[in-house]
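Computed from the coordinates by the stated procedures, all read-outs in this text should not be read as laboratory data. Source: prediction; values computed, not measured. Cβ coordinates were reconstructed from backbone atoms using ideal geometry, including for glycine residues, and neighbour counts include every protein chain displayed.
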Amino acid sequence: MDKISLELLKQIADIEKIPQGAYNFRIDGKKAEQHSTSEIQIVSKKDKQGIDIYVAPNTKGKSVHIPVMLTKGGLKDMVYNDFHIGENCDIVIVAGCGIYNCSNATSEHQGIHTFYIGKNSHVKYVEKHLGIGENNSKREFFPITKVYMQQSSTMEMETTQIGGVSNTNRKSFAKLYDNAKLIIKEKIMTDNDDVSKSSFEVQLVGKKSSVDVLSRSVAKGKSKQTFTSNIIGKSECFGHVECDGIILDNGIIVSTPKINAQNIDSTLVHEAAIGKIAQDQITKLETLGLNKEDAEKIIIESFML
Amino acid sequence: MLEVKNISYNVTENGLTKTILSNISFVCPDNQNLVITGHNGSGKSTLLKIIMGILQPTSGQIFYDGKDITNLSITQRAQLGIAYAFQQPVTFKGMTVRRMLEIASGNNDFNYFCSLLSKLGLCARDYVEREMNDKLSGGERKRIEIATVLARDAKCNLFDEPEAGIDIWSFDALVEIFKNNKKTNIIVSHQSKLIEQADKILVLSNGQVDKFGTKEEIFPTLNHSQTCEKLRRENG
Ligand SMILES: Nc1ncnc2c1ncn2[C@@H]1O[C@H](COP(=O)(O)OP(=O)(O)OP(=O)(O)O)[C@@H](O)[C@H]1O
Ligand SMILES: [Mg+2]
């Protein structure tokens, strides 16, 4: 791996070398490294770009790393990754994509991820998107995530767009059966002319299924973010969406919540708050000796943590 | 030494000027406890905010260690060694108690945080990773607010009703803090047990100094509140 790939890897996956467990590294539109274990099989798709990941039932305490790095301008990379997770598993999946592009051509990554999560399994999915570049180069992400959750499974999904992404359109869909529990934490930071769109549709089909969506947005410069959620309650279920946004400069955040209760025992809640940094927060940090600029920086850093 | 000289503060509401503070003057020598008390709305919080630089007075001056700080920013006053505990602690999404104590103290010594929080009856292990959001109870927030001020180890501390909302056990601990710390503390309080820790007492009434003197002079006069006297007069 070259220096750029290693730097991207460090930032998106918090790793500096080949990780333990199963992994698939994809660099500049091609498979770079792949490793399966006895419990986690990674198989490249025959008919299109991407991989199938098979996690054997009862696999516990194991991890899969599937980072994607694009190190040049003008690349368009599209992959289909399917995760087949057996029953009674407890695993961590670290995905994420870093684009380094200093050319004048746009680089784009589209990841279509589908999760089939077996009964009683617990999956933690961590995904970071990052763009690095100068000039007028553009770095774009168009991820589509679909999640099918069997009885009593749980998924924690943490997606973070750290910065430097010019354009993103992220679509997520989930269907939950009995007792399934989905927790989504999405954090997006935009600046300059960046545009970000994110939409969620969650279908609570099963009894006692629940979803908790927490979205944190910071829009600086002239950037614009759009957040749309649609939670559909089809049985005795619980859904909660919390959308918090901080706007600075001329940033724009648009939040459109939709909650759709189709069953008398559905409880669906939505909270949203968008605004500039609260003056009393800045004042508090100033009384601790910080100047206004440092205070704002720390407030945003903590908000996105 | 902190000196407040002829401080007045007016606000304009719907074209009408309202006087919140008029001609407040007093001196607080180093390492003394000055307790400010008075009725709700008498101007105590406003005065404390003016000392910290959160509000600018309409007229008058503030001197700290002989230096005129009236035109200094909040940050500059903080850097000179003035600390301020909010009457209503500020909440932050995502900010942990640990991070706040780090910022306040300039170090990341867990044992130090532990000693600060335990002075206020909080176990550091249970709290340092908690977010400073509104999921904390009112009393927890208040005690953490006081901890962030003590963490600064500043020479001059301003506390706005530190006792509000905290339980009797934490309250006793708070009294001990003011009894023992060798700092200049200016404390707005309604609690006689805290007022007893004062070297000097300032009583505000309708934005003016009603009484100012040593605890021995002022404390005995506080037992008859003006309201009671007024009622007695009206009834008699
Ligand atoms: N910006 C403002 N506009 C109008 N009135 C104000 C403003 N700020 C303060 N006041 C008024 O000034 C008075 C003093 O307020 P302050 O908060 O200083 O009182 P306090 O003595 O701290 O009261 P408490 O014991 O309830 O905390 C109150 O009557 C308040 O309503
Ligand atoms: Mg007050």
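Looking only at the range A:3-278, where both bridge partners belong to it, what percent of the DSSP beta bridges are antiparallel (to the nearest 5)?
The answer is about 5 percent antiparallel.
Just subtract the alpha-carbon distance of A:Lys207 and A:Asp47 from 0.36 nm times their residue separation and send over the number in nm, one decimal.
Difference between extended and current length: 53.9 nm.
Considering only DSSP beta bridges where both residues belong to the protein assembly as shown, give the percentage that are antiparallel (nearest 5).
Approximately 20 percent, going by the DSSP bridge assignments.
Can you put A:Ile93, A:Ile183, B:Ile54 in order, fewest other beta carbons within 10 Å first?
Listed from fewest to most nearby Cβ atoms, that is A:Ile183, B:Ile54, A:Ile93.
Go through the range B:57-166 and name the trypsin sites (Lys or Arg not before Pro) that are in a DSSP coil and have 11 or fewer other Cβ atoms within 10 Å of their Cβ.
Here the trypsin sites (Lys or Arg not before Pro) that fit, given the DSSP loop and packing criteria, are B:Lys135.
Work out how far the C-alpha atoms of the range A:3-278 reach from end to end along every principal axis, then list the three figures in whole Å, largest first.
55, 51, 32
With +1 on each Lys and Arg Cβ and -1 on each Asp and Glu Cβ, and nothing else charged, work out how big the dipole of the protein assembly as shown is about its Cα centre, in Debye to the nearest 20.
720 debye
What lysines could a cross-link reach from A:Lys276, if we take a straight Cα to Cα line under 18 Å and drop same-chain neighbours fewer than 8 places away?
A:Lys187, A:Lys220, A:Lys222, A:Lys224, A:Lys284, A:Lys292, A:Lys297, B:Lys93
Could you tell me how far the Cα centroid of the range B:72-141 sits from the Cα centroid of the range A:144-214, in Å?
Each part reduced to its Cα centre gives a spacing of 33 Å.
Looking at the range B:85-135, which GluC sites (Glu not before Pro) are in a loop (DSSP not H, G, I, E or B) and have at most 12 other Cβ atoms within 10 Å?
Listed in order of number, the matching sites are B:Glu129.
How much net charge surrounds A:Phe173 when only the other residues with a Cβ under 15 Å from the Cβ of A:Phe173 are counted, with Lys and Arg +1 and Asp and Glu -1?
So the surrounding residues net to +4.
In the structure shown, do any of B:Lys49/B:Lys155; A:Lys146/A:Lys171; A:Lys17/A:Lys185; A:Lys10/A:Lys128; B:Lys67/B:Lys179; A:Lys76/A:Lys175 have a Cα-Cα gap over 19 Å, and if so which?
Going by Cα-Cα distance, A:Lys17/A:Lys185; B:Lys67/B:Lys179; A:Lys76/A:Lys175 fall outside the 19 Å limit.
Could you work out the local net charge near A:Gly50, counting Lys and Arg as +1, Asp and Glu as -1, over the other residues with Cβ closer than 13 Å to its Cβ?
Result for the local shell: +2.
Please compute the contact order of chain B in relative form: average sequence separation of alpha-carbon pairs under 8 Å and at least six residues apart, divided by the residue count, as a percent.
With pairs under 8 Å counted, the relative contact order is 26 percent.
Which is the longest run of chain A containing none of the GluC sites (Glu not before Pro) found in DSSP loop states (not H, G, I, E, B) with at most 10 other C-beta atoms within 10 Å?
Longest stretch, sites excluded: A:135-305.
Run the reach check for A:Lys30 against aspartates and glutamates, Cα to Cα strictly under 15 Å, same-chain hits fewer than 8 apart removed. What comes back?
List returned: A:Asp2, A:Asp47, A:Asp77, A:Glu108.
For the protein assembly as shown, what is Rg from Cα atoms divided by 2.2 N^0.38 Å, rounded to two decimals?
Cα Rg divided by the expected 2.2 N^0.38 Å: 1.21.
Going through the range A:1-61, which trypsin sites (Lys or Arg not before Pro) have at most 13 other Cβ atoms within 10 Å and a DSSP loop state?
Listed in order of number, the matching sites are A:Lys17, A:Lys45, A:Lys46, A:Lys48.
If r is the Cβ-Cβ distance from A:Cys102 to B:Ser115 and R0 is 60 Å, what FRET efficiency results, to the nearest 0.05?
Calculated value: 0.75.
Please give the net charge around A:Ile132, taking every other residue with its beta carbon less than 9 angstrom from that of A:Ile132, where Lys and Arg add +1 and Asp and Glu add -1.
-1
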